[in-house]
Amino acid sequence: MLTTRRPLRVAVLCSRRAPGLLHLLRQDPHHGRSYRIVCAITSEPECAEAAAIEAAGVPLVGHPIAAFYRARGSASVYRDIAARQAYDRETAAMLERFRPDLVLLDGYLYLLTPPMLEAYRNRLINLHFSDLLIRRADGSPAYAGLRAVRDAIRDGQTETGATVHRVTEEPDAGPLI
């Protein structure tokens, strides 16, 4: 369990968007007192919230995954496991200079591999844009994965929520917070 008398140091991993981060920076009264955003690392060449993140004084670090793969001669972000693990190893090393207590995934489009999972074991949380408490008949989350909101709308849901959970090896299956 994380306990500290100083504000919790939080790093954010995002891809094209980081809407939860904007809320934390602009609207959460606890920002600066119980936690502090120490950096955001984006997996894409551009981040829609870049100007707002930088205006808040948070370092935004680009770590484009496609360029990382191209530099290694790898064609697929999803099939080259060795390159994916190398990317996560490099991401973990980049995060270390900011000394985060916790890493928040906010709009991050990629599954984490063992190098990240081990470097920040029990200190990774995901902001998932659906209610993971809604279950299928087999007990699995009805709206897991990248297209959770789309799937909920297709199923006729009139509203959706968000869930924060601990990141584990299994996507969207870690303990809810």
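The values are calculated or read from the model by the stated rules, or taken from the named source; none is laboratory data. None of these values were measured; they are calculated from a predicted model. When we count neighbours, we look across all protein chains shown, and the Cβ atoms used for this are built from the backbone with ideal geometry, even at glycine. Quick note on the areas: whole protein, heavy atoms, side chains included, nothing else; ligands and nucleic acids left out. Shrake-Rupley method; radii C 1.70, N 1.55, O 1.52, S 1.80 Å.
A few notes on this one:
- Some residue of segment 125-140 being modelled with pLDDT of 95 or more and within 17 Å of ALA11 (Cα to Cα): yes
- Filter pass, ARG79 being charged (D, E, K, R) and crowded, with 17+ Cβ neighbours inside 10 Å: no
- Scope segment 118-133; condition without any contact (Cβ under 8 Å) to a residue 12 or more places away in the chain and touching a helix residue (DSSP H, G or I) at 6+ places or on another chain (Cβ under 9 Å); matching residues: GLU118
- Flag for TYR87 being closer than 21 Å to THR168 by Cβ and in a helix (DSSP H, G or I): yes
- In segment 155-177, the residues that are of a type in the set (Asp, Glu) reach residues that are assigned to a loop (DSSP other than H, G, I, E, B) with C-beta atoms within less than 7 angstrom, at least six apart or across chains, in these pairs: ASP172/LEU132; ASP172/ALA144; ASP172/GLY145.
For (1) at pLDDT 95 or above; (2) within 20 Å of ALA119 (Cα to Cα); (3) open to solvent by 30 Å² or more (accessible area, probe 1.4 Å); (4) in a helix (DSSP H, G or I), each residue gets a yes or a no:
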site	(1), (2), (3), (4)
THR3	no, yes, yes, no
ALA11	yes, yes, no, no
GLY20	no, no, no, yes
PRO29	no, no, yes, no
CYS39	yes, yes, no, no
GLU54	no, no, yes, yes
ALA66	no, no, yes, yes
ARG70	no, no, yes, yes
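- Those residues of segment 41-52 which are in contact (Cβ under 8 Å) with a residue 12 or more places away in the chain and open to solvent by less than 60 Å² (accessible area, probe 1.4 Å), in sequence order: ILE41, THR42, SER43, GLU44, CYS47, GLU49, ALA52
- Within segment 85-101, being aliphatic (A, V, I, L, M), over 17 Å from ASN122 (Cα atoms) and out of contact with any strand residue (DSSP E or B) (no Cβ under 7 Å at 6 or more places or on another chain) holds for ALA86, ALA93.
- Spans of strands (runs of 3 or more DSSP E) in segment 98-177 with at least 3 residues open to solvent by less than 50 Å² (accessible area, probe 1.4 Å) and not polar (S, T, N, Q): 102-106, 124-128
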